[in-house]
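The values are calculated or read from the model by the stated rules, or taken from the named source; none is laboratory data. All values reported here derive from a predicted model rather than from experimental measurement. Neighbour counts are summed over all protein chains in view; Cβ atoms, including those assigned to glycine, are modelled from backbone coordinates with ideal geometry. Side chains are part of the model used for accessible areas, which takes the heavy atoms of the whole protein and leaves out ligands, DNA and RNA. Shrake-Rupley method; radii C 1.70, N 1.55, O 1.52, S 1.80 Å.
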Amino acid sequence: QVQLVESGGGLVRPGGSLRLSCAASGNIFEIDAMGWFRQAPGNQRELVATVTRGGITNYADSVKGRLTTSRDNAKNTVYLQMNSLKPEDTAVYYCTGRRVGVPDDYWGQGTQVTVSS
């Protein structure tokens, strides 16, 4: 049906930057809005950002002004530009795609982001 593959995670110093990518393949017409979740140790997954087909974005308060998501429909790819990273941003980041007309999501495998000195 649909496959989502994240890339770009890694280790970065506080204040540094990373860019995550999420490539969608398969029946991409099944995907409506896309988003990013993250899960830190001891916490449930939290919604970080969403972006609609038209490029409308929403962000969690904790990342506003630092993280930016964008969507390239021609490339079937979404991005999460992460700037001014903090240790609190350390988590596994997941790419998601909302199924058209259904309150259900496709999920990627996740990519680890670690912010540490």
SER21 touching a Phe, Trp or Tyr at 6+ places or on another chain (Cβ under 7 Å) and at pLDDT 95 or above
yes
Reported set for the range 58-117 where residues are hydrophobic (A, V, I, L, M, F, W, C), outside any strand (DSSP E or B) and either open to solvent by 60 Å² or more (accessible area, probe 1.4 Å) or free of Cβ contacts under 8 Å to residues at least 60 places away in the same chain (or both) is ALA60, VAL63, ALA74, VAL100, VAL102
Of everything in the range 15-43, what is under 17 Å from VAL63 (Cα atoms) and open to solvent by 60 Å² or more (accessible area, probe 1.4 Å)? Give them in sequence order.
SER17, ARG19, GLN39, ASN43
From the residues in the range 64-89 that are in contact with a Gly (Cβ under 7 Å, 6 or more places away or on another chain) and more than 13 Å from GLY8 (Cβ to Cβ), which one is modelled with the lowest pLDDT?
ARG71
